[in-house]
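As structure tokens, the structure follows; a few thoughts come after it.
The values are calculated or read from the model by the stated rules, or taken from the named source; none is laboratory data. Model, not experiment: these values are computed from the prediction. We place every Cβ from the backbone using ideal geometry, glycine too, and count neighbours over all the protein chains shown.
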Amino acid sequence: MKVLLIGSGGRESAIAYGLKKSPLLSELYVIPGNPGISEFATCIDNIKVEETDKIVEFALSHDIDFTVVGPEVPLCLGLSDELIKAGKKVFGPVRASAMLEGSKAFSKDFMYRHHIPTARYYEYDNYDNAVNGLKDFDYPLVIKADGLAAGKGVVIAEDEKTAITTLDEMMNQGILKDAGSKVIIEEFLDGFECSLLCFTDGETIKPMVSVKDHKQIFDGNRGPNTGGMGSVSPNPFLGNDMDEVLMEDILKPFIKGLKEDHLDYRGCIFIGLMIKDGKAKVLEFNVRFGDPETQSIVLRLESDLLEIMYKTAIKELKDVEIKWNDKTAVCLVLASEGYPGSYQKGMEITGLDKLDDEIVIFHAGTKMDNGVLKTNGGRVLNVCALGDNLEDARDKVYAASEKIEFNGKYCRKDIGLN
Ligand code: AMP
Ligand code: GLY
């Protein structure tokens, strides 16, 4: 099978690593890919993930059998719709379903109508009405920009002053451009957060192994949110005792809701949850794999990733058996100092040749500059390993991380612990 993968981050590196192992794969193309992926696949770096027409043209001219879309932006732009129209099979939902991530108002309305537990909320597209609506909630409350905002669209306001400033910035000043012209205000939920990733073809839904992401930049979950500083699977804070609750309260109503609304969904659904007293509420839906959750998950997958994805795309997911190993996987993000604020790029990366075989490196923000590997983003590399237990996996990735050098290298020291 000739496969095309869309994206360039650590998540896509992990997906590419999984696809590469499949005996069904004949050729793997990646748009645009990265230097790590280019070691074993053909990267087409002159097409951007937003360039839907060019991607479709590429798929047609290269006889691509199957496309896997990594990031949310092309999904929300309708890349899957266009590929399907061109007769291609795709893993990744069509635009109407991608709005579960692309519009918070759409996703909250979906949850409300299909009785999926979530925080109480109201939706506003007028600033004065939004300010007036603040009185319906206690503090802290949560303000969310409706549209895609690359992780910057959610503010937890501790007091009225912060809430009004946030609404003003999003709705009047346009700091998030169009994404903030509509907002939702919702109640603050406490509990512990976890992510649930599932394969679904709209009929069958199969949860993946549990995983935990570490969102904040500093140890002890302090400091600003990032895209994710590391991940661990299984999630050390979530026992199997929640499996049935999650299936009954969240996943079954989710599938029923897709059907009732005639939403075609073939891909990964990544559900952000808040859990308290044995009950779960949905914080958000993402219509794609998580980054860096995927990096840990892929290391635990024993079955053929390409087969699972392809069967999902042709609505035969129920026939696939998905097997996982019982090891612990840890993924540590090596970031550029300053991230998630401003940081420098172009630092030479060394030491990747000194690592043991059991370490898996996924490139995230790197580039090749005249044969020299350099940093090219906030999250630079993912250092990953499987271990017999959490301590073993942590020991391996932290020992490996010491051998990799670049100016401004920063990582959390407590992945898997906090
Ligand atoms: P979201 O993009 O909606 O998942 O929000 C990003 C982050 O904001 C989540 O991972 C939570 O840490 C936090 N968050 C979002 N909604 C709420 C809520 N209703 N109560 C508490 N924290 C929230
Ligand atoms: N790690 C969080 C995300 O991928 O959205």
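Brief remarks follow.
- Those residues of the stretch 1-19 which are more than 16 Å from ASN382 (Cβ to Cβ) and not in a strand (DSSP E or B), in sequence order: MET1, LEU19
- Looking across the stretch 265-274 at every residue that is buried (at least 19 other Cβ atoms within 10 Å of the Cβ) and over 17 Å from ILE322 (Cβ atoms), the one that is nearest to ligand 1 (Cβ to nearest atom) is identified as MET274.
- Residue selected from the stretch 277-320 under the condition of a type in the set (Gly, Ala, Ser) and within 16 Å of ligand 2 (Cβ to nearest atom), by the criterion farthest from the chain's Cα centre (by Cα): SER296
- Looking only at the stretch 382-403, and only at residues there that are touching a residue at least 60 places away in the same chain (Cβ under 8 Å) and in a strand (DSSP E or B), the one that is nearest to the chain's Cα centre (by Cα): ASN382
- Odd one out for LYS327 among (1) touching a Pro at 6+ places or on another chain (Cβ under 6 Å); (2) of a type outside the set (Ser, Thr, Tyr); (3) modelled with pLDDT of 95 or more: (1)
- Here LYS152 does not fit the description of being more than 16 Å from ligand 2 (Cβ to nearest atom) and basic (Lys, Arg).
- Filtering LYS182, LYS177 for residues that are at positive phi and out of contact with any Leu (no Cβ under 8 Å at 6 or more places or on another chain) leaves a single hit, LYS177.
- Qualifying residue in the stretch 196-217 (condition: within 16 Å of ligand 2 (Cβ to nearest atom) and without any contact (Cβ under 8 Å) to a residue 24 or more places away in the chain): yes
- Cross-chain or 6+ apart pairs with Cβ under 8 Å, the stretch 307-335 first and on the phi > 0 side of the Ramachandran plot, then of a type outside the set (Ser, Thr, Tyr) and surrounded by 16 or more Cβ atoms within 10 Å (Cβ to Cβ): LYS315/ASP201; LYS315/GLY202; LYS315/ARG266
- If the condition is being of a type outside the set (Ser, Thr, Tyr) and surrounded by fewer than 16 Cβ atoms within 10 Å (Cβ to Cβ), then the stretch 118-145 contributes ARG120, ASP125, ASN126, ASP128, ASN129, ASN132, LYS135, ASP136, ASP138, PRO140.
- Meets criteria (more than 19 Å from the chain's Cα centre (by Cα), crowded, with 20+ Cβ neighbours inside 10 Å and either charged (D, E, K, R) or not in a strand (DSSP E or B) (or both)) for GLU203: no
- So MET242, is it more than 16 Å from ligand 2 (Cβ to nearest atom), within 28 Å of GLY416 (Cα to Cα) and modelled with pLDDT of 95 or more: no
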